[in-house]
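**Q** Just dropping this structure here.
Where a number appears in this text, it was derived from the coordinates with a stated rule and is not lab data. All figures in this text were calculated on a predicted structure; none of them were measured in a lab. In this analysis, Cβ positions are derived from the backbone assuming ideal geometry, glycine residues included, and neighbour counts consider all displayed protein chains.
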Amino acid sequence: MNITQLFSLKGKVALVTGGGRGIGKFIATGLAEAGADLILTSRKLKNLEDTAKELEANHKVRAIAIACDMAKEDAIDSMLAEAQKKFGHIDILVNNAGATWGAPTLDFPLEKWDQLFNVNVRGVWILSQKVARIMKAQGGGNIINISSVMAFRGSTEMAHPAIPYNSTKAAINLLTMNLAVKLAPYHIRVNAIAPGFFHTDMMAFIDKPELKEIRDAMINEIPLRRVGEIDDMKGIAVFLASEASAYLTGHVLVADGGLIAK
């Protein structure tokens with residue numbers, strides 16, 4: 001294969017959870033630009049529909065939006081049934097949907113701990129298992145999990161008062177490695193991306209003038225002295241989803257501007 005063929009995703013179908021905005025939209029856009037058709041899913045349909053229309057118009061691919069609560073197995077089953085009916089196969093799964101919720105550590109409620117693990121770990125496992133069965137039947141596939149730099153470190157109450165979040169992402173890292181070993185005989189590769197700070201809707205609050213001091217302090221901690229943008233995520237996602245990374249499985253690729261290297 002030449003280099004263009006190695007990175008091409010033409011003829012592939014990708015399922016991206018949380019694909020309507022933020023990191024999920026960045027990834028979906030990159031996969032569409034490489035030629036993949038898209039299944040976008042999350043709880044909120046409006047963002048998904050807008051993104052699907054945008055991808056179809058700009059990149060001449062097929063894209064559908066399906067609402068799904070990743071904490072509910074029956075909702076996952078319904079979403080997969082609709083996706084299979086539309087496309088007939090799933091070649092790439094991007095487990096991007098996730099949740100966070102903040103409260104002081106000593107007051108953090110158990111029900112919110114369980115809620116974060118249900119979405120960030122349990123939901124990822126359920127969907128991965130179900131899609132892996134589809135991929136095994138069709139002869140192979142590719143799973144990309146979205147972790148976080150927070151999987152490798154602790155965080156202060158001021159910076160990130162969500163005690164379970166880091167643990168859920170650490171679980172995703174090990175789930176990635178374990179699935180990579182167990183699914184390799186079925187020609188299914190499993191890798192993860194661990195983003196640092198990216199310029200997304202969720203992070204938009206940091207641009208407020210009154211938070212300039214906090215933003216400057218955050219940027220100062222990043223060796224490249226900037227947050228990630230859409231192009232920084234698109235290239236990584238296409239690399240992991242394509243034949244360009246055919247000899248890579250069980251790897252967690254950190255995209256953080258050098259943050260955890262310090």
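**Q** Just need a number here: residues in region 163-212 that are closer than 27 Å to Phe108 by Cβ and part of a helix (DSSP H, G or I).
**A** Of the residues in region 163-212, 19 are closer than 27 Å to Phe108 by Cβ and part of a helix (DSSP H, G or I).
**Q** State whether the residues of region 155-166 include one that is exposed (fewer than 14 other Cβ atoms within 10 Å of the Cβ), within 20 Å of Leu259 (Cβ to Cβ) and among the hydrophobic types (A, V, I, L, M, F, W, C).
**A** yes
**Q** Mind counting the residues in region 81-115 that are in contact with a Lys or Arg (Cβ under 6 Å, 6 or more places away or on another chain) and either without any contact (Cβ under 8 Å) to a residue 60 or more places away in the chain or among the acidic types (Asp, Glu) (or both)?
**A** 1
**Q** Next question. Considering only region 178-191, state which residues are surrounded by 17 or more Cβ atoms within 10 Å (Cβ to Cβ) and either among the aliphatic types (A, V, I, L, M) or touching a helix residue (DSSP H, G or I) at 6+ places or on another chain (Cβ under 6 Å) (or both).
**A** Leu179, Ala180, Leu183, Ile188, Val190, Asn191
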